[in-house]
Amino acid sequence: MLLGRVTGTVVASQKEPLMDGLTFLVVRQLGVDNTESGGYVVAVNAVGAGVGEVVMYASGSSARQTAVTQNRPCDAVIMAIVDTWEIDGETMYVK
Amino acid sequence: MLLGRVTGTVVASQKEPLMDGLTFLVVRQLGVDNTESGGYVVAVNAVGAGVGEVVMYASGSSARQTAVTQNRPCDAVIMAIVDTWEIDGETMYVK
Amino acid sequence: MLLGRVTGTVVASQKEPLMDGLTFLVVRQLGVDNTESGGYVVAVNAVGAGVGEVVMYASGSSARQTAVTQNRPCDAVIMAIVDTWEIDGETMYVK
Amino acid sequence: MLLGRVTGTVVASQKEPLMDGLTFLVVRQLGVDNTESGGYVVAVNAVGAGVGEVVMYASGSSARQTAVTQNRPCDAVIMAIVDTWEIDGETMYVK
Amino acid sequence: MLLGRVTGTVVASQKEPLMDGLTFLVVRQLGVDNTESGGYVVAVNAVGAGVGEVVMYASGSSARQTAVTQNRPCDAVIMAIVDTWEIDGETMYVK
């Protein structure tokens with residue numbers, strides 16, 4: 001999984017029917033020092049995350065292992081909202 | 001998923017029979033600021049996207065989870081046509 | 001899928017038995033402007049491609065969705081020989 | 001698999017229920033010369049690794065092939081604690 | 001698949017039980033010009049390769065399609081020992 005910050009939303013009315021009802025969020029990847037690294041992904045929201053929140057997301061076939069994404073053409077899913085993380089004993093982020 | 005702009009088409013008459021009837025589109029990857037990032041992928045068109053349109057595409061095994069790509073040697077699929085996206089409250093693209 | 005040019009062959013007599021009888025081709029990745037990008041992959045030849053030809057290849061689990069690669073430890077397959085592609089209305093390559 | 005050093009922990013109370021009870025560790029990727037390369041991943045701990053330990057981790061669908069990660073939205077797992085590795089006959093790391 | 005040279009070994013006594021009995025080799029990636037590119041992977045040895053040998057390895061779920069790696073948390077496998085390869089009619093390597 002990677003850490004990221006939810007920074008936006010994507011609206012797409014014309015889509016593969018299996019994706020109906022899913023929410024697409026733009027997630028910017030975070031480094032372990034809590035700075036944005038430049039990369040992003042559009043991920044399905046499986047945990048009720050909102051814009052501005054720090055999350056973990058899973059990619060590839062693992063992104064289809066949630067109730068909302070199973071058997072759907074989805075290659076990235078937000079599967080957790082992060083409370084805190086620490087590196088070498090130092091807290092890098094607190095919700 | 002990633003955002004991209006459909007910029008071209010690929011024609012290939014000699015191919016794995018499972019790919020017969022599918023349309024191959026060249027998709028240039030877009031950054032969240034709606035500029036082309038240099039990367040591209042050739043994706044199967046599962047949603048009737050046309051050249052010039054902004055789309056979302058899924059990669060890997062997730063690209064095989066649509067009606068037209070199931071069980072086929074396809075690792076990228078356009079699964080949505082994008083209407084709009086916004087970042088930090090700012091609209092970056094409108095169809 | 002990505003575009004590539006077949007530039008060579010690999011011979012390996014000592015291999016996982018499931019790979020017996022398959023042909024391994026070196027494919028250099030092409031950009032959409034039809035120049036070599038530096039990257040390469042060794043792909044199984046599922047469509048009778050020859051050295052010098054421009055092809056499309058699929059990676060990952062999708063590379064196992066052809067008759068010759070099914071259930072084999074193969075992560076890249078040539079699944080089409082390209083006739084032509086065009087970008088923004090301009091033909092970039094003709095076979 | 002890649003080599004990495006466990007450098008931190010992530011706490012996420014609001015998550016996909018399938019992830020309940022799993023431990024998330026921040027793993028910084030190591031080069032074969034035992035220096036940190038800058039990349040990281042958040043991996044599920046399948047082998048009781050602790051902060052500071054050098055480990056091997058698997059990514060993608062292979063990360064779901066352990067008892068604790070099966071059928072869960074997990075794309076990285078620590079599947080071994082490294083005792084030692086050597087390169088060209090030289091020991092690069094000893095636990 | 002990618003080309004690589006086996007340059008070392010990893011020992012890990014504390015590991016996911018499904019990995020018991022497997023040999024972990026450090027493989028440095030080779031370019032098509034037979035020079036090391038800097039990247040590496042730790043791969044399971046499915047073909048009796050030794051340190052110094054040039055091999056092909058498969059990644060991702062395809063790495064689990066050998067007798068020794070099936071259903072195990074393994075994302076890279078050496079599935080062939082290379083005898084020779086040629087590029088544009090020139091031999092780049094002979095065993």
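The values are calculated or read from the model by the stated rules, or taken from the named source; none is laboratory data. Predicted, not measured: the structure shown is a model, and the values here were computed from it. All Cβ positions, even for glycine, are placed from backbone atoms using ideal geometry, and neighbour counts span all protein chains on display. Quick note on the areas: whole protein, heavy atoms, side chains included, nothing else; ligands and nucleic acids left out. Shrake-Rupley method; radii C 1.70, N 1.55, O 1.52, S 1.80 Å.
Listing for the model above:
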| read-out | value |
| --- | --- |
| DSSP-defined antiparallel bridges as percent of all bridges, the range B:2-94, nearest 5 | 95 percent |
| Size descriptor, Kirkwood hydrodynamic radius, that averages inverse alpha-carbon separations across chain A, Å | 13.6 Å |
| Chain E: relative contact order in percent, alpha carbon pairs under 8 Å with at least 6 residues between | 27 percent |
| Rounded to 5, the percent of DSSP beta bridges in the protein assembly as shown classed as antiparallel | 95 percent |
| Most mobile of D:Arg64, D:Arg28, D:Arg72 in a GNM of chain D (Cα contacts under 10 Å) | D:Arg72 |
| Alpha carbon Rg of the protein assembly as shown, scaled by the compact-globule rule 2.2 N^0.38 Å | 0.95 |
| Accessible area buried at the B-C interface, both sides summed, 1.4 Å probe (Å², nearest 100) | 2200 Å² |
| Pairwise centroid distance, computed over Cα atoms, of the range D:44-95 with the range B:1-54, Å | 36 Å |
| The protein assembly as shown - percent of accessible surface contributed by carbon and sulfur, probe 1.4 Å | 46 percent |
| Greater than 20 Å apart at Cα, pairs in C:Lys15/E:Lys15; A:Lys15/B:Lys95; B:Lys15/C:Lys15 | C:Lys15/E:Lys15; B:Lys15/C:Lys15 |
| The range D:2-94 - charge dipole about Cα centre, Lys and Arg +1 at Cβ, Asp and Glu -1, debye rounded to 20 | 460 debye |
